[in-house]
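Okay, so here's the structure we're looking at.
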Amino acid sequence: MKYDFTTVPDRSECGSSKWNAVGGSAPDAIPLSVADMEFPTPPPVVRTLKKLAEGTILGYSEPTADYYDAVLRWMARRHHYLIKKEWIVNTPGVVNALGLLVDAVTRPDEGVVILTPVYYPFDMAVLAKGRKIIYSTLINNNGYYEIDYDDLRKKTADKKVKALLFCNPHNPVGRVWTRAELQRVADICCENDIFIIDDEIHHDLILPGYEHTVFANVDSRLSERIAVCTAPSKTFNLAGLQGSNIIIANPKIRAKVIACGMLNMQMNLNIFAYTACKTAYNECEDWLEELLTVIDGNAKYVERFMAEHFPEIVVHPLEGTYLQWLDLRGLGMTHVELKKMLEGAQIYLDNGELFGEAGRGFQRINLACARQTLERTMERFRRAVEKVRAGWEKHGKPYHQTLTAGTKLAHFVYDSPRGSAQALTAPQPKKTLLVFSRYYECEICRAVLAMLKTAHPLLKAKGYEVKVVMQSPLSTLLAAQQKYPFELIADPDKRLYDQYNVFEADGAVQMLAGDALYNAFVAKHVRKLLDTDFVNTIASALDNTPAEDDGPRQLQMSAFIALDETLTVTWSHYCKTIADFPTPKELLQNL
């Protein structure tokens, strides 16, 4: 090859956010997570930036005629997308643009549809602007993802829904949507007056045998209702220069986006971003072609490796991007166990739950690395799985059971102020309402306890005994028990939570995404969160310091489980957000 795709870099001391997120890592355990490449910058870009730094005053800059010409010719040549320079709005990145577009085309009480699992900043772009997230889950057909058009049509028919955040090609599942698929989405959006925020940041990264279609090219009706978000950052590994080209034909929407940028004090790009983009588009197309052969080879290597060693793992066909989606659920681990195994083996991928609940049990692996890096990672993976399975063989596989209707509760041994090492066994004299809350000091937990105390006479009349599990020590609950007519269970080690898959939220954003109370009281004034304790939760989530295992889980979700006398589940509700617990009326209706 003409270019270097074999060198293994050491980025541990250069401020790489990806490497720093895993403690600086090391070349023998390169993180294959965040979507930037482990390849040297294309040489023409390096040469041009050196020349710029040495011979140009680094003052405030604007795009030149040559810059616009490079972008227009690239879009026409690579994508058959004919645009005008006045359609281009420059932003420091596509993620930044998503927020500006949500701000421009929706109001605080309106909704934005997201096809999940999807790139996790999509959620933040909606929540940060105080809009409502409406999820439409992609259909996973034995490893091949498709859009649920019936669900999308239903969600977008709501008059309060105004936009669709769309990923094309799709990150993380690696689909390159066909023209026919895009046409069906276009028809639905046009029928329901939906504006499309089209993230095409990976549109240059299309593997052999597949063809990308710019969404705006599908239907002439879209010209007034779409923004196509592009950038050279993923294509040429220039994310650190922070430059994007957002293409908006509609002059009114374009003006609103520019105004939103000004209100956020967003000015022009830095001088290096303009120059790097122009150089990449004009001089680095052959570098991109070589890159695509490397990515394709790496994708096929992972497919072969998994087929040979772990046929129970589904490797989703990679059509576009350099991010491969692996379904590891066949290994028989929860997503929490999977994460623990990988981190313990110094394997740093992107945990699937980051992309939404539909991603639990999956991993996203960045293939933009030297083959030897990928081989080393796969070998670590093989040894890690074998180690876990050897532990199961010796000590038995850990018990996990999601309590859904028809399943039986087992292995429920607990401590409470009424006694230690008690066992809930069948038959019971009464039916049981089992509630997993948070910890006693938590305001949300106190609200749940108060609700249950109010509803207790009615629950008792229905023949239910109530038990509430908390992550508080027994000493705390000894003092609290006298306030409540039901049993408080101490589970400071989170053993019961883990046994019955009462998971934490997958991140601070997921605690709020779709939450009814958030939508009703906070969304319109999202900045009010700055004056609440929730900021501390966000700060903790952004802190790279390892979490303590002996304290309560700050992102813990709740669960409500109804059991008959034989301990068979008759109804269950695993909460999706921080305040997603049933009202007393809803609770009684389901018992």
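The values are calculated or read from the model by the stated rules, or taken from the named source; none is laboratory data. Quick caveat: nothing in here was measured; it's all calculated off a predicted structure. Positions of Cβ are generated from backbone atoms using ideal geometry, with glycine treated the same way; all protein chains shown enter the neighbour counts. Surface accessibility is based on the protein's heavy atoms, side chains included, excluding ligands, DNA and RNA. Shrake-Rupley method; radii C 1.70, N 1.55, O 1.52, S 1.80 Å.
Couple of notes before you dig in:
- Between the helical axis of 65-79 and the longest alpha-carbon principal axis of the chain there is an angle of about 70 degrees.
- The range 290-307 - phi-based ³J(HN,Hα) in whole Hz, Karplus 6.51/-1.76/1.60, Gly and Pro as x: 5, 3, 4, 5, 5, 4, 4, x, 5, 4, 5, 4, 5, 4, 5, 4, 5, 4
- The C-alpha radius of gyration of the range 1-69, expressed as a fraction of 2.2 N^0.38 Å, stands at 1.47.
- Here the average projected area of the convex hull drawn through the C-alpha atoms of the range 301-458 stands at 14.0 nm².
- Amide hydrogen proximity for Glu110: with H placed 1.01 Å from N in the peptide plane, the residues at 5 or more positions away or on another chain lying under 5 Å are Lys132.
- Heavy-atom accessible area ranking, 1.4 Å probe, most first, across Met306, Met333: Met333, Met306
- Computed [θ] at 222 nm, deg cm²/dmol, the chain (DSSP H ≥ 4; -39,500 (n - 2.57); rounded to nearest 500): -11000 deg cm²/dmol
- Sorted on the mean count of surrounding Cβ atoms within 10 Å across their residues, most packed first, peptides 140-153, 40-53, 276-289 read 276-289, 40-53, 140-153.
- The radius of gyration of the Cα set in the chain, together with its Dmax, comes out at 26.0, 86 angstrom.
- Between helix 443-461 and the chain: long-axis angle, C-alpha atoms, 0 to 90°, nearest 10: 40
- Whether the range 188-283 is rounded, prolate or oblate, judged on the alpha carbon gyration tensor where a/c under 1.5 counts as rounded: oblate
- In this structure the amide hydrogen of Glu487, modeled in the peptide plane, comes within under 5 Å of the amide hydrogens of Val466, Val468, none closer than 5 places in sequence on its chain.
- Counting only protein chain heavy atoms and rolling a 1.4 Å probe, the accessible areas of Met262, Met378, Met451, Met124 rank, largest first, as Met262, Met124, Met451, Met378.
- Accessible surface comparison of Trp177, Trp87, probe 1.4 Å, protein chains only, largest first: the order is Trp87, Trp177.
- Projecting the Cα atoms of Gly463, Ser416, Leu449 onto the charge dipole of the range 381-468 (Cβ charges, centred on the Cα centre) puts Gly463 farthest toward the positive pole.
- Gyration tensor verdict on the range 25-120 (Cα atoms; rounded if a/c is under 1.5, prolate if a/b is larger than b/c, oblate otherwise): oblate
- Accessible-area value, Thr178, 1.4 Å probe, nucleic acids and ligands omitted, Å²: 60
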